[in-house]
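Since the structure comes first, as structure tokens, the remarks are kept for the end.
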Amino acid sequence: MDQKYKRVISLGNNCEVAGGIMLSGIRDASYVFDWMETSIEFIYLCFRHGFEAFKFTSAENYTAKEGRDSAFYDKSGTGCFYHEGKFSGLGKVLEAKRAKYQRRVQRFEEVCKEGDVLFVRKTNTDETSYLEKIVAILRKRYTKKFKILLLVEKKILREGLIGEHIVVQNISKFKQHYKGVKKILDKVDCPRT
């Protein structure tokens with residue numbers, strides 16, 4: 001990564017990305033996708049529809065993850081909230097969740113407008129078609145000064161640059177992927193905390 005970045009932000013697909021960012025000492029704040037399990041479709045829909053999943057207007061918009069009261073899905077079933085307490089008590093804490101995630105969304109959008117952001121996403125599937133749509137939204141709504149680092153767990157894509165904004169790196173050689181995320185991000189030119 002030959003560019004200097006002001007911020008490095010997780011785009012999921014799970015907590016390993018935020019954990020790797022934190023271990024690298026370049027995590028400056030909590031952002032919307034940090035501690036979630038997300039499909040690329042969920043990320044795209046969030047950008048497209050103004051982060052609707054994070055508004056916490058009603059507990060009816062969420063469902064418990066089967067077999068786990070400590071995790072719940074948004075109504076589309078493509079974004080799973082972990083580390084947020086018990087689903088059975090969600091109705092009692094909607095206002096607190098809404099306030100917390102609205103701060104994270106606002107922070108995320110402010111940083112996106114500033115530019116010089118490296119977004120990081122980990123995957124085991126080819127997500128380039130959705131990522132290209134996300135790139136178009138980011139360029140139109142926020143900034144042209146960003147990259148998306150796509151960390152692939154399998155050799156499904158060739159490493160290197162896809163278009164102007166997507167960089168692919170393979171992390172399959174690391175047994176623990178969060179350590180692979182950290183090792184790659186240790187090389188990123190970004191302020192350390």
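Some values worked out for this structure:
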quantity	calculated
Answer from Val117, Val152 - the residue that is under 30 Å from Asn61 (Cβ atoms), β-branched (Val, Ile, Thr) and crowded, with 20+ Cβ neighbours inside 10 Å	Val117
Positions within the stretch 79-114 being open to solvent by 70 Å² or more (accessible area, probe 1.4 Å) and touching a Lys or Arg at 6+ places or on another chain (Cβ under 7 Å), in sequence order	Glu114
All strands (runs of 3 or more DSSP E) inside the stretch 5-78 with 1 or more residues being surrounded by fewer than 16 Cβ atoms within 10 Å (Cβ to Cβ)	62-65, 68-74
Strands (runs of 3 or more DSSP E) lying entirely in the stretch 88-174 (those with 1 or more residues that are out of contact with any Leu (no Cβ under 9 Å at 6 or more places or on another chain))	146-152, 160-162
Cβ-Cβ under 6 Å pairs, at least 6 apart or on other chains, the stretch 98-122 side free of Cβ contacts under 8 Å to residues at least 40 places away in the same chain, far side surrounded by 15 or more Cβ atoms within 10 Å (Cβ to Cβ)	Cys112/Tyr142; Lys113/Tyr142
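The values are calculated or read from the model by the stated rules, or taken from the named source; none is laboratory data. Just so you know, these numbers come straight off a predicted model, no measurement behind them. Ideal geometry is used to build each Cβ from the backbone, glycine not excepted, and the neighbour counts take in all protein chains shown. To get the accessible areas, we keep the full protein, side chains included, count just its heavy atoms, and leave off ligands, DNA and RNA. Shrake-Rupley method; radii C 1.70, N 1.55, O 1.52, S 1.80 Å.
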